[in-house]
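A short write-up of the structure that comes next.
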Amino acid sequence: MCGKLKLFGSDKSKVKGNEDEKPIVLYYAKYIGVLGSNKSLPLEEDAYVYIFQDRIVIEHLKSKVNTKIPYESITDLQHIDAGKKVDLDRVFGLGVAGLLWRKRAIVTAIKYTDENREPQTVALDFIHNTKYAQPLINRKFREVHPTPNMETNQGVQSIADELSELARLKDQGIITEEEFSKMKSNLIGKM
């Protein structure tokens, strides 16, 4: 990727604790909160979200707590439309007109199992980086948790349907046993 990631003049290319490994990318986000047994994590705090090959690390800027979420421990990933909200930067920049200019907020909710096997949920608002962060997190999640290929399932279903149809034609005497066996072998070969 690119060289060192700089954010607000500081070198954020490495996460504390593992100085040798660099993240794929780093995003600023609003950490909205946690749902689960881990009540020690803060609510509504600025955070850096590091995307690694095998995990996500959320560095809480105020409380100085790091949350590590391996992709294998993620059980669900959702992008929730939080509706339109006022962007405070626009209010400060445009005054009253900024109050009228609302943007759509899409929040990323990550459900995972922590190291104690307790279910947890965190919510992140990537603000201006939503269109970059969410697809990357989705891709990394799908690499670890692939969804069944719908075309393959449909192909198996249609082959099963064809076999049923062939059996019906054989039972009605429309095709012979030999024709049935040959067509059946061809269909099974397609699987």
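Quick note: the coordinates plus some simple rules give every number you see, no bench work behind them. What you see is a predicted model; the values in this text were computed from it and never measured. FYI the Cβ positions are ideal-geometry reconstructions off the backbone, even for glycines, and counts take in every protein chain you see.
What is the sum of charges around Ser73, taking Lys and Arg as +1, Asp and Glu as -1, for the other residues whose C-beta is under 13 Å from the C-beta of Ser73? Each step should come with its number before you reach the end.
Working: positive: Arg55, Lys68, Lys111, Arg117, Lys140; negative: Asp54, Glu72, Asp76, Asp114, Glu115, Glu118.
Value of the local net charge: -1.
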Theoretical gain in end-to-end length, Thr121 to Lys182 [0.36 nm per residue, Cα-Cα removed]
16.5 nm
Whole-Hz couplings from phi, Karplus 6.51/-1.76/1.60, listed for the stretch 161-171; x for Gly and Pro:
4, 5, 4, 4, 5, 4, 4, 5, 5, 5, 4
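Exposure proxy check: Ile110, Ile24, Ile175 ranked by fewest other beta carbons within 10 Å? Don't skip to the answer; put the middle values down first.
On the way: Ile110 21, Ile24 11, Ile175 17.
The fewest-first ordering by Cβ neighbours comes to Ile24, Ile175, Ile110.
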Which of Val57, Val49 has the fewest other C-beta atoms within 10 Å, and how do the rest follow up to the most?
Val57, Val49
